[in-house]
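K.L.:
Structure incoming, see below.
The values are calculated or read from the model by the stated rules, or taken from the named source; none is laboratory data. Everything quoted here is computed from the prediction, not taken from an experiment. When we count neighbours, we look across all protein chains shown, and the Cβ atoms used for this are built from the backbone with ideal geometry, even at glycine. Quick note on the areas: whole protein, heavy atoms, side chains included, nothing else; ligands and nucleic acids left out. Shrake-Rupley method; radii C 1.70, N 1.55, O 1.52, S 1.80 Å.
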Amino acid sequence: TGVATMKFKSPPVNSLSLDFLTEFCISLEKLENDRACRGVIFTSAIPKIFSSGLDITEMCGKSTEHYAEFWRAVQEMWLRLYGSNMVTVAAV
């Protein structure tokens, strides 16, 4: 159908950690490079939970380099998502 589904699965609450953001961007880039894919639906594999937002543990007790890497990942995720040519839908 040309529509992919990305299911968030990062228990317990799908918080946006550095690993989650990195995998999200990689997956979205792969879908954008697939000419057969024209849209993507974002949903959760965890019942009754979509996402809790940014993972605050990524911003506490880490190195300055980690903070910079995390912030770059946050920015890349938003730029990739909002700059995408695909139709995107969040099924909350």
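K.L.:
State in Å² the accessible area per residue of the range 1-83; use a 1.4 Å probe, count heavy atoms of protein chains only, and round to the nearest integer.
P.N.:
Values: 5550 Å² over 83 residues.
Value returned for the range 1-83: 67 Å² of accessible area per residue.
K.L.:
Same structure again: Going by alpha carbons, how many degrees (0 to 90, nearest 10) lie between the helix axis of 64-82 and the longest principal axis of the chain?
P.N.:
20
K.L.:
Ordering VAL87, VAL74 by accessible area with a probe of 1.4 Å, largest first, what comes out?
P.N.:
On the way: VAL87 100, VAL74 5 Å².
Greatest to least solvent exposure: VAL87, VAL74.
K.L.:
Further question: With label points built 7 Å along Cα→Cβ from the Cα atoms of CYS37 and HIS66, find their separation and express it in nm.
P.N.:
3.0
K.L.:
Computing the accessible area with a 1.4 Å probe over protein heavy atoms, can you report the carbon and sulfur percentage for the chain?
P.N.:
Details: 3530 of 6230 Å².
Its accessible area is 57 percent carbon and sulfur atoms.
K.L.:
Next question. Taking amide H atoms as placed 1.01 Å from N in the peptide plane, list the residues 5 or more away in sequence, or in a different chain, whose amide H sits under 5 Å from that of MET6.
P.N.:
For MET6, the qualifying residues are ILE41, PHE42, THR43.
K.L.:
Label-point separation (nm) for ALA45 and ALA90, each offset 7 Å from Cα along Cα-to-Cβ?
P.N.:
2.0
K.L.:
Rounded, prolate or oblate: which one fits the chain, using the alpha carbon gyration tensor with axes a ≥ b ≥ c (rounded when a/c is under 1.5, else prolate when a/b beats b/c, else oblate)?
P.N.:
Details: a/c = 2.79, a/b = 1.48, b/c = 1.89.
Oblate, since a/c reaches 1.5 and b/c is not below a/b.
K.L.:
Could you tell me which trypsin sites (Lys or Arg not before Pro) in the range 22-77 are loop residues by DSSP with no more than 14 other beta carbons within 10 angstrom of their beta carbon? Don't skip to the answer; put the middle values down first.
P.N.:
Working: sites: LYS30, ARG35, ARG38, LYS48, LYS62, ARG72; in loops: ARG35, ARG38, LYS48, LYS62.
Those that pass, being in a loop and sparsely packed, are ARG35, ARG38, LYS48, LYS62.
K.L.:
Relative to the first principal axis of the alpha-carbon coordinates of the chain, what is the inclination of helix 18-33, with its axis defined by its Cα atoms, in degrees from 0 to 90 and to the nearest 10?
P.N.:
Approximately 20 degrees, to the nearest 10.
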